[in-house]
Every structure is written in structure tokens, then in C-alpha cells.
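Chemist: The structure follows.
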Amino acid sequence: MTTLTASPAQVFVTRRLAEYAVNLGFSDIPAATVEKTKQAVLDLLGIAIRASIAGESSDVVRRVVDSLGSAGKTTGIGIGPRYQPHYAALLNGTFAHTLDFDDTHEGGSIHPGAPLIPAVLAVAEETGAAGAKVIAAIVAGYDATVRIAEAADPAAHYDRGFHPTATCGTFGATAALANVTNSSADVLENAFGINGSQSSGSLQFLENGAWNKRIHTGLTAHNAILALRFAQAGAIGARYALEGRSGFFRGYTDGADVEHVVRTLGERFAVDETAFKPYPSCRYSHAAIDLICEIVAEAKLKPDAVSAIRIGLPRKGMDLIGVPEDAKRSPHSIVDGQFSMFFLAAIALLHGRMTWDDYKLLGNAEVARTIERIEVSLDPEIDARFPTMAASVEIDTNGAKIRRINWTPKGEPDKPLTWAEVEAKFLSLAGAVYDDAHCARIVKMVRSLELLDEIGELTTLLGG
């Protein structure tokens, strides 16, 4: 339990959130939350490091960022210290989401870490912030991002066509930056006002497997730095950015629970509620992948012995990875595959796994034949408990049916990845870029993050 308390109830939520975010200190954070935050950092770094050489969009993103301005000293992950902070955040934030392997928060239906950790690392490197300060900033940023997303009602927010990681993440990343730079609540409140004109992220990328979703997080990290810089220089941002009559909640959702943003600040930390992904795909697919791998392994099933697989999802899961069915059955790009329950289920059945390298099987004839045996539909029982990311799976084999529901996919706080599993995930990704000794140094540095005098001790290990 932290010693921090929110301001009196008569103060509007944007102001109360600003006061909380700038005042949260390392000493307010429980030891378990510190450990979870360090896991979040290591998890994200592994993803971004691998994305620096993988993902068909990464080379384009790097060329664009280089052309905009590389005359700086802030580190581009996998590249080196050559960028201004906002451009490093743009690059690293995009890399962090490129594999769709980054952390998720079920209640907010959001990826909280991808925009804010790259933004914090960039600014902290520039200012020489200590590791403990970086941890406090990240915790504050997760709280802001997630509570805004939850208050907005994820289903309603999605129905408006928005990607909450980008829209809500803009405010959360800015909150984290205000903390790491010791900004005042006045400055952050003005920066939040500027965020109201930056918050953006359309779900239209689902139409053709576009790269927008990856770029969303980079733009969010970049824009958060700009918003705070404007506010620090004296720019006046719109007041009541969240709750105002033309504020975020009014424009981006229906029936928001505005007070939820500040109701539990300092009592529960959003990073503790965050999940780390075991598979590089939309989180709504994970419960089904878990079940298919589990059933196949336990029953020692050969793929040819399975005549049908029926998968049940909540409505928002269907919207993202189940429909339109014809397109989801024939994914062409990696983004298509990441959002195709059919493709992901086929890989799980055929190989008992789902890894980044399995996207090489897009268009594979055996995978296509397997997809013909898979059905994906709305499961009303699961939908009634939204925003749970559960799934049901029924497998027909040898005249028998095996049906199970997975209410909690692997990686959630109730089924967490251990430190060993987080490290193994990091090594499986970063090992494609750095040798074993270099990877081990990064792991050791992150595990003792709170002891670093300057975050530059870590970022110097993230170059080319």
C-alpha cells in the first residue's frame, strides 16, 4: 500500500491523474511491483531488438527516421546512439510492437508497455536519469494508460474504430515522461491537454494487414515527448483533457466511467495486472493456442487424426481475428497471420507451438489444408465475461470430441511467466542480434535496474 493519496474528489480527474503521476516515487512501489516492472522492460527489449532486423516494416521505418534526423545521442535499439529522443522513441516504439509480441492488459484490452517504455528510455538516457527513477516513471505510465483504457470501456472504444494502445497510450507515455523528468503537475496537465489533439489510432489496418498498428506505438511515444516539451516550454494545453465536454472520453467512447481513472491510484498498480505473451500474435488468440497445444500433447494426437477444430471467442476477439472469414482463412502478410485465428490454430495443431519464425509458413500448402478443418465462431458464454480473453476449443478425433474452455491464457498474472521464462523469451529473440555474452549482460543489467546510477549503463548495451 503506497503512502500516496489522490487529491480531493472535487478536483477533476485529469488534474488528479497528473498529480499522482508526477508524485509517484520509487519508495512508493512494492518490491514485487519493482520486479514485475523489470520483467516488462526485459520483455520489451527482446522484442524490439529482434524487430530491428525482422519484420518487413523495420527497414522502412529505420530509413524514414534516419532521413528525418539522426544527429543526436539517444540510442536506437539495434542501431546505436545517433538520434534525438523523439526520433529514438519513434523508432524503438515501432520496433516494440512490430512482432505483436509485447505485453497486454486484459481489463484495458491494451498493450501498455510498447509506447511508454521506449519514450521513457529515450528521455531518461538524454537526462541521465537513474534506474530507480525510470522504474517509478514506468509504473506511473502503466497506471495512467490502463486506467484510462478501462474507464473508456474497451468494447465501446473498439466499436468506435480505435486502437486503445495508441489512443490511451499517448496519455500514459506522457505521464511517465513527466515523472522521469521531475515535471510539475501543472506541466503534465498542460501536456495532457496537448495529448487530446494527438491521441489517434485507427483499426482500419485490419482491412489489408497494414503496418499502421506497428507505427501507432512509435508515433505515440514520439508525440508524448513533443507534448511534454511543449508544456515544459510554457505551452498552454486544453484543460479537462479527459473529462471535458469535448474531451477524450466524449469523443472516443460511449458511457465512460470517468472516475475510474483515479479511483484506485496508489492502491493497485496496473503493471502487476499486465500479461507477457508467449506467442507473437493477437492476445485474443492465445487461449485457443494454449488449448490446442495442450490437448494435442496430452492426447498424443497426430494432426491427421483431427477431423475438425471448433474455436469459440468473445465478440471483440471475433472482430479482430475471426472475421471476415474468407480473409482470415487466407492470410497473406505477417499482420494478416497475427490476426488470423485460423492460421494460428493450424500452426498450433501441426507443430505444437507458435513462434515468430512460424510466419514463414504463410501460404504453406499443408497449413492451408489444415485451415479447412477449422471453424471459428462467437461463444456467448465467453462473450458474457468480456473483456476476458478466453477461448473454447472443441477437437474431433477418432470419433470422440474433446472440449475445453481456457479462461486464463498463459502469461496472465494468474498464470504468469516466471523470470526464467521471461529471460528465455528475451534470449530467443535478442540472440538473433547479439551473442550470448552480450545478451547475458543486458539481462543482468535489467535485473538490477534499480541500482543503476544512470540508465545509459543499460542503453549503451542496446546499439548495433
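The values are calculated or read from the model by the stated rules, or taken from the named source; none is laboratory data. Keep in mind it's a predicted model, so treat the numbers as computed, not measured. Cβ placement follows ideal geometry from the backbone for every residue including glycine, while neighbour counts extend to all protein chains displayed. Keep in mind that these areas ignore ligands, DNA and RNA; they rest on the heavy atoms of the full protein, side chains included. Shrake-Rupley method; radii C 1.70, N 1.55, O 1.52, S 1.80 Å.
Chemist: Kindly check whether there is at least one residue in region 105-114 that is in a helix (DSSP H, G or I) and not hydroxyl-bearing (Ser, Thr, Tyr).
Modeler: Yes: region 105-114 contains one or more residues that are in a helix (DSSP H, G or I) and not hydroxyl-bearing (Ser, Thr, Tyr).
Chemist: Inside region 24-37, can you point out the residues that are in contact with a helix residue (DSSP H, G or I) (Cβ under 7 Å, 6 or more places away or on another chain) and farther than 16 Å from Ala275 by Cβ?
Modeler: Answer for region 24-37, where residues must be in contact with a helix residue (DSSP H, G or I) (Cβ under 7 Å, 6 or more places away or on another chain) and farther than 16 Å from Ala275 by Cβ: Leu24, Gly25, Phe26, Ile29, Val34.
Chemist: Can you name the number of the only condition in (1) loosely packed, with under 15 Cβ neighbours inside 10 Å; (2) of a type in the set (Asp, Glu); (3) at pLDDT 95 or above that Asp396 fails?
Modeler: With (1) loosely packed, with under 15 Cβ neighbours inside 10 Å; (2) of a type in the set (Asp, Glu); (3) at pLDDT 95 or above applied to Asp396, the lone miss is (1).
Chemist: Any residue that is farther than 22 Å from Leu461 by Cα, modelled with pLDDT under 95 and open to solvent by 20 Å² or more (accessible area, probe 1.4 Å) - is there at least one of those in region 11-33?
Modeler: Looking through region 11-33, at least one residue is farther than 22 Å from Leu461 by Cα, modelled with pLDDT under 95 and open to solvent by 20 Å² or more (accessible area, probe 1.4 Å).
Chemist: Can I ask one more? State yes or no: is Ser183 in contact with a strand residue (DSSP E or B) (Cβ under 9 Å, 6 or more places away or on another chain) and in a loop (DSSP other than H, G, I, E, B)?
Modeler: no
Chemist: Moving on. Is there any pair with a first residue in region 109-132 that is surrounded by 24 or more Cβ atoms within 10 Å (Cβ to Cβ) and among the hydrophobic types (A, V, I, L, M, F, W, C) and a second that is modelled with pLDDT under 95 and part of a helix (DSSP H, G or I) whose Cβ atoms are under 8 Å apart and which are 6 or more apart or on different chains, and what are they?
Modeler: These pairs meet every condition: Ile110/Pro154.
Chemist: Can you name every one of the helices (runs of 4 or more DSSP H) wholly within region 229-309 that holds 1 or more residues which are touching an Asp or Glu at 6+ places or on another chain (Cβ under 9 Å) and hydrophobic (A, V, I, L, M, F, W, C)?
Modeler: Where helices (runs of 4 or more DSSP H) fall fully within region 229-309 and carry at least 1 residues being touching an Asp or Glu at 6+ places or on another chain (Cβ under 9 Å) and hydrophobic (A, V, I, L, M, F, W, C), they are 248-252, 260-263.
Chemist: Ok, one more. Of all residues in region 386-407, which are farther than 27 Å from Ala48 by Cβ and either touching an Asp or Glu at 6+ places or on another chain (Cβ under 6 Å) or without any contact (Cβ under 8 Å) to a residue 24 or more places away in the chain (or both)?
Modeler: Residues satisfying the conditions are Ser392, Gly399, Ala400, Lys401, Arg403, Asn406.
Chemist: Here is a further query. If you check Ile382 against the conditions, is it over 23 Å from the mean Cα position of the chain (by Cα) and either modelled with pLDDT of 95 or more or not hydrophobic (A, V, I, L, M, F, W, C) (or both)?
Modeler: No; evaluated as a whole, the condition is false for this residue.
Chemist: For region 198-228: of the residues being part of a loop (DSSP other than H, G, I, E, B) and open to solvent by 60 Å² or more (accessible area, probe 1.4 Å), which is farthest from Val22 (Cα to Cα)?
Modeler: If we take residues in region 198-228 being part of a loop (DSSP other than H, G, I, E, B) and open to solvent by 60 Å² or more (accessible area, probe 1.4 Å), then Asn208 is farthest from Val22 (Cα to Cα).
Chemist: Another question, if that's okay. Based on this model, can you work out whether Glu454 counts as touching a residue at least 24 places away in the same chain (Cβ under 8 Å), open to solvent by 10 Å² or more (accessible area, probe 1.4 Å) and touching a helix residue (DSSP H, G or I) at 6+ places or on another chain (Cβ under 7 Å)?
Modeler: No, not satisfied.
Chemist: Hey, Phe343 hits all of (1) out of contact with any strand residue (DSSP E or B) (no Cβ under 8 Å at 6 or more places or on another chain); (2) open to solvent by 10 Å² or more (accessible area, probe 1.4 Å); (3) part of a helix (DSSP H, G or I) but one; which does it fall short on?
Modeler: (2)
Chemist: Let me ask another. Out of region 186-197, which residues are buried (at least 19 other Cβ atoms within 10 Å of the Cβ) and either under 14 Å from Ala166 (Cα atoms) or charged (D, E, K, R) (or both)?
Modeler: Glu189, Asn195, Gly196
Chemist: Still on this structure, I have one more. Considering every residue within region 137-160, establish whether at least one is in contact with a Leu (Cβ under 8 Å, 6 or more places away or on another chain) and either among the acidic types (Asp, Glu) or farther than 24 Å from Val22 by Cβ (or both).
Modeler: yes
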